[in-house]
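Single-structure report; data block below.
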Amino acid sequence: MNSSKKLGLLLITPAAIVVVMLFLVPVVLTAVFAFTNMSTSTGISGGAYQISPNALQELRDHYDMPSVAERLSQSGFAVDEPGLAALGKAGIDADIVTELRGHIGETFAARRDAERAIRNLNHRPSLREVKQISDQFNRSIMNARYDSKAALLAAVASVMPNLSGAEHQAIIAASYTGWTWTTGNFRRMASIPGTQRSLVNTMVYVAFTLTLFNIGFAMVLAITTFYMPSRAAGFFRGVWLLPRISPPVIYVLLWKWLAWDTGFLSVFLGRFGIHSRNWMLDSGTNAWVFVVLINGFVGASMGMLIFSSALQAIPRPLLYASEVDGASRWQQIWHIIMPQLRWPILFVTCYQTLSLLTSFDLILLSTNGGPGGSTEVWALATYHTALNNYAGNLEYGYGAAMALVLVVVGVFLSLAYLRLFNYRDLVAKPLIEH
Amino acid sequence: MMDMSGQWRALAVAAMLAVSAGAASAKDVTITVWAGGTGPTDAYRLDAIEIAAGLLTREAALQGEALTIKVEKRAYPGWDDFKQALTLSAEAGTAPDIVASGHEDIAPWAQSGLIVPIESYIDLDSWPINDIYPNLMQIASYGGVLYGLPQDAESRPFFFWRPHLKAIGYSDAEIDALPAKVKAGAYTLANVLDDARKMQDKGVVKPGYGFYPRPLNGPDYWQFYRSFGGEMDDPKLGKLVFDKAAMGRFYKFFVDAVAAGVTRKNHIGTPFDQWYTEVATGKAGIWQGGTWHYARYTGQEGLKDFFGTVQFSLVPAGDKAGKPNTLTHPIVYLLTKHNDKAKMEIAAKLIEIASEPRINALHAIRSAHLAIAKQESNIPLYSNDRWTREATARLLPFANAMPNNPNFGVYWNVMWKGLESAWTGQKTVEEAIADDETELRSSLGDKIVIR
């Protein structure tokens, strides 16, 4: 390997590391999570075995074992020989154990009763000892947590010794609290009405923002400033960069002040007798207008910068020659400028499609998907599913499945764009050199 | 006789003993406590743990243990970011020791092993636990096991602006009798729409301000489902219940309110700050809020004569199938799982001490929440407060709570999405209910009873 190649590898290493860490690893993890039922209640790092109310329901409904469920759900405390033996091992004072021996055979239905009796022993065990003792006499496994199958089965055997192997397997499956592999997320996605709606919303969002602003308006800005004196052009480009450099929360807050029912629009229109209203959330169409404007004003600046610099690279003699030939501005734009901008347009289209597909921050801050889900785009719905639940149960697995769809769509679109814009030709070696 | 060097040696040994004994019994513990949905008036949710730490330190000192407890407090004003932060920190193994959150989190967090049953660490017979209302203890339990201790209680009543009621022909006596009328089922949600309409026709409130409910998602909306006879779960089966007819009537009530022009179509999403100011200054006629709003109305919003300007009642019945009701959504102190058992014991003790009626009364009065324990009404600070006294008597006996069920969050999301889409006119009530049903069937299967 020659040294320039080595240098090349060296230079690309940091970028490669970033790509792997920030793109490949998350994508792989998303793909893995997408095939699980992972949620807050299952946890991410694995589970345990617990005879919870849910597990009992599972035994009743899916394994047809109502009598087993009934027995497992019973609570009870019993002072017995094995319990006393365990106390000795646990280091409980021998006098207390001796005194407890006098109570052998006694049973208690509830923890409270059992602990009351233990607390009233002549030796007055401390709270910690009371808990240790009651644990040893607890003959119920309801809600107890076991780290391994063996521990669970041992506990089950202590209350129901004669279960079959199949019944053991059922109890293991029903009581497992962690996540399991499943394709259910995709079935669920295909069957719920919200899916189609989010898809359509996403298409509307990307199509309008991209064509109207990220390409269309960006091109208008680039071309108009191209024909301006450089000082004025610099000023206007600076103005259109402001939305991008403002902190998003403040930027959206300004829009809210403009659009809300106590905001500028309502106050201004109120002078003409128009009733004040929340213009942003008044109807689905209103919300879309604001969502596209809010995102478009930020997005337009990137296209503007790229197109402007590409315009500077067009050889001036071409433009002078066309003017000598009597071409109008419009003809210049159409026949000289646009053909030269094919590569930047491809780049901005590709880049912005992908970034719009996954961006939801400004929508979250402005309409939060409202009114009534009409601006809930796919990425926002993914966020709401995976990281937002009023009752504390975040659905990571289902959220990842939704995110995976975005990854697939993104990769597919990138390939389609490369083909559409004839990428091979664009990167072909110029015939003049070599 | 001991010589000097002997004396010195003895002293040195004694000093060393003292130092090592001190080292053996001195203990520095840092307890972190996080609370969700906790604004400035709810500060005692966290401060109570700090007060408890002071008391526990003194108790330990009397038993010869030099225990110092540092309490690190963190309040999250909202719920979403709090639940995100907590679940993710638990996955990262950096969860706080004590969490104050809604009781509905118990089921999913118990399954994931994030929290442990507090009954393994405290004596259920001891003061003040033996004085806490049994129904609240029930709400803090899951599968018959006590996971947390109730931190507060509240309720989500209807409020009426008295001058506006007068403007549409109510006498003072009629307004005073209104809560009883609601309780008897003689004043229903249909009457709410009528009166709201009348207020707007009279011009005392602007269009869309006749009936002004909570502007964002919350447990409050389950009350309307219950007003139309809906049940959230079937405790016998241990399953959630989706009552299509009741849910449809509940959605239709809001669609009707929009059609009648008394509630705005775009009401959801109104900033809460704006909403508070509006309802506390008579811009709305009838609204639905929370008992703790009293602190905000009379404090930050500057409402001087609350009882002279506002009446409050249960949420009226929607129809014959339903009953007037209200919902209590207690916050519970939960104990998170850690490897350091001794530290968990200290955290549990702090929760226990913080439940002391006198300490809890500080929170109740500061934030206008309701008592968790019977003896709290014997504390003058609490019993002399007209709001807590009247709200407790008028509302708490009729309060229900949401079920502790790990799948309730999925159901709740579906309910809310459906309501929002019907309310804003994106779907008809029938479409919304049909979509709810499809989504519930595919996401919860037989974990929910659909009828």
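The values are calculated or read from the model by the stated rules, or taken from the named source; none is laboratory data. Predicted, not measured: the structure shown is a model, and the values here were computed from it. Glycine gets a Cβ as well: all are built from the backbone with ideal geometry, and neighbour counts include every protein chain shown.
From B:ALA422, B:ALA361, grab the single residue that is farther than 25 Å from B:GLY37 by Cα, surrounded by 24 or more Cβ atoms within 10 Å (Cβ to Cβ) and among the hydrophobic types (A, V, I, L, M, F, W, C). Lay out the reasoning, then the answer.
Details: B:ALA361 fails: farther than 25 Å from B:GLY37 by Cα.
Just a single option satisfies the conditions, and that option is B:ALA422.
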Selection from region A:86-101 of residues that are without any contact (Cβ under 8 Å) to a residue 24 or more places away in the chain and of a type outside the set (Val, Ile, Thr): A:GLY88, A:LYS89, A:GLY91, A:ALA94, A:ARG101
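Go through the residues of region B:419-427 one by one and say whether even a single one is within 19 Å of B:MET232 (Cα to Cα) and assigned to a helix (DSSP H, G or I). Give the derivation first.
Restricting attention to region B:419-427, the residues satisfying the condition of being within 19 Å of B:MET232 (Cα to Cα) are B:419-420.
Right, trim to assigned to a helix (DSSP H, G or I) and you get B:419-420.
Within region B:419-427, one or more residues are within 19 Å of B:MET232 (Cα to Cα) and assigned to a helix (DSSP H, G or I).
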For region A:12-58, the count of residues that are polar (S, T, N, Q) and in a loop (DSSP other than H, G, I, E, B) equals 7
Would you check which residues across region B:109-135 are in a loop (DSSP other than H, G, I, E, B), more than 7 Å from every other protein chain (Cβ to nearest Cβ) and of a type in the set (A, V, I, L, M, F, W, C) and list them? B:LEU114, B:ILE122, B:TRP127
Out of the residues in region A:121-131 that are exposed (fewer than 15 other Cβ atoms within 10 Å of the Cβ) and under 26 Å from A:MET142 (Cα atoms), which is farthest from the chain's Cα centre (by Cα)? A:SER126
A:SER52: passes all of (1) in contact with a strand residue (DSSP E or B) (Cβ under 7 Å, 6 or more places away or on another chain); (2) hydroxyl-bearing (Ser, Thr, Tyr); (3) surrounded by 20 or more Cβ atoms within 10 Å (Cβ to Cβ); (4) under 18 Å from A:LEU152 (Cβ atoms) but (1)
Filter result for the condition that a residue is touching a Gly at 6+ places or on another chain (Cβ under 6 Å), crowded, with 18+ Cβ neighbours inside 10 Å and either of a type outside the set (S, T, N, Q) or not assigned by TED's automatic domain parsing to the domain that holds A:VAL252 (or both), over A:LEU364, A:LEU380, A:LEU394: A:LEU380
Expected output for region A:34-50 (first residue touching a residue at least 24 places away in the same chain (Cβ under 8 Å) and more than 7 Å from chain B (Cβ to nearest Cβ), partner of a type in the set (Phe, Trp, Tyr) and assigned to a loop (DSSP other than H, G, I, E, B), Cβ below 6 Å, 6+ apart or cross-chain) is A:THR36/A:TRP179; A:ASN37/A:TRP179; A:MET38/A:TRP179
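Does B:TYR121 meet the test of being within 20 Å of the chain's Cα centre (by Cα) and surrounded by fewer than 23 Cβ atoms within 10 Å (Cβ to Cβ)?
Details: within 20 Å of the chain's Cα centre (by Cα): no; surrounded by fewer than 23 Cβ atoms within 10 Å (Cβ to Cβ): yes.
Judged against the criteria, B:TYR121 is not a match.
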Of all residues in region B:74-100, count the ones that are modelled with pLDDT of 90 or more, surrounded by fewer than 18 Cβ atoms within 10 Å (Cβ to Cβ) and of a type in the set (D, E, K, R). 1
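Could you list, in sequence order, the residues of region B:36-75 that are of a type in the set (S, T, N, Q) and not in a strand (DSSP E or B)?
Hits for region B:36-75 are B:THR38, B:THR41, B:THR57, B:GLN63.
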Right, A:VAL206: under 25 Å from A:MET402 (Cβ atoms), among the hydrophobic types (A, V, I, L, M, F, W, C) and buried (at least 16 other Cβ atoms within 10 Å of the Cβ) or not? yes
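Yes or no, residue by residue, for (1) among the aliphatic types (A, V, I, L, M); (2) more than 10 Å from every other protein chain (Cβ to nearest Cβ); (3) under 29 Å from the mean Cα position of the chain (by Cα); (4) surrounded by 18 or more Cβ atoms within 10 Å (Cβ to Cβ):
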residue	(1), (2), (3), (4)
A:PRO248	no, yes, yes, no
A:TYR251	no, yes, yes, yes
A:LEU254	yes, yes, yes, no
A:SER266	no, yes, no, yes
A:ILE274	yes, yes, no, no
A:LEU281	yes, no, yes, yes
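Based on what the data block shows, is B:ILE106 within 11 Å of chain A (Cβ to nearest Cβ) and touching a residue at least 12 places away in the same chain (Cβ under 8 Å)?
On the way: within 11 Å of chain A (Cβ to nearest Cβ): yes; touching a residue at least 12 places away in the same chain (Cβ under 8 Å): yes.
Considered against the rule, which asks whether it is within 11 Å of chain A (Cβ to nearest Cβ) and touching a residue at least 12 places away in the same chain (Cβ under 8 Å), B:ILE106 comes out as yes.
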Condition check for B:LYS417: within 12 Å of chain A (Cβ to nearest Cβ) and surrounded by 22 or more Cβ atoms within 10 Å (Cβ to Cβ): yes
Go over the candidates A:SER366, A:SER359 one by one and state the one that is more than 14 Å from chain B (Cβ to nearest Cβ), under 29 Å from B:THR270 (Cα atoms) and more than 10 Å from the chain's Cα centre (by Cα). A:SER359
Before we move on, is A:LEU72 in a loop (DSSP other than H, G, I, E, B), more than 10 Å from chain B (Cβ to nearest Cβ), buried (at least 16 other Cβ atoms within 10 Å of the Cβ) and out of contact with any His (no Cβ under 7 Å at 6 or more places or on another chain)? no
Of (1) under 23 Å from the mean Cα position of the chain (by Cα); (2) surrounded by fewer than 23 Cβ atoms within 10 Å (Cβ to Cβ); (3) assigned to a helix (DSSP H, G or I); (4) within 14 Å of chain A (Cβ to nearest Cβ), B:LEU396 satisfies all except one. Which? (4)
Across region B:177-203, what is the number of residues that are closer than 11 Å to B:LEU165 by Cα and without any contact (Cβ under 8 Å) to a residue 40 or more places away in the chain? 2
(1) within 20 Å of B:LYS206 (Cα to Cα); (2) in contact with a Phe, Trp or Tyr (Cβ under 6 Å, 6 or more places away or on another chain); (3) buried (at least 18 other Cβ atoms within 10 Å of the Cβ): which one isn't true of B:GLY282, the others all being true? (3)
Single residue of region A:61-100 satisfying the filter (among the hydroxyl-bearing types (Ser, Thr, Tyr) and under 21 Å from A:ARG112 (Cβ atoms)) that is nearest to the chain's Cα centre (by Cα): A:SER73
(1) within 14 Å of another protein chain (Cβ to nearest Cβ); (2) under 26 Å from B:ILE365 (Cβ atoms); (3) touching a helix residue (DSSP H, G or I) at 6+ places or on another chain (Cβ under 9 Å): which one isn't true of B:GLN138, the others all being true? (3)
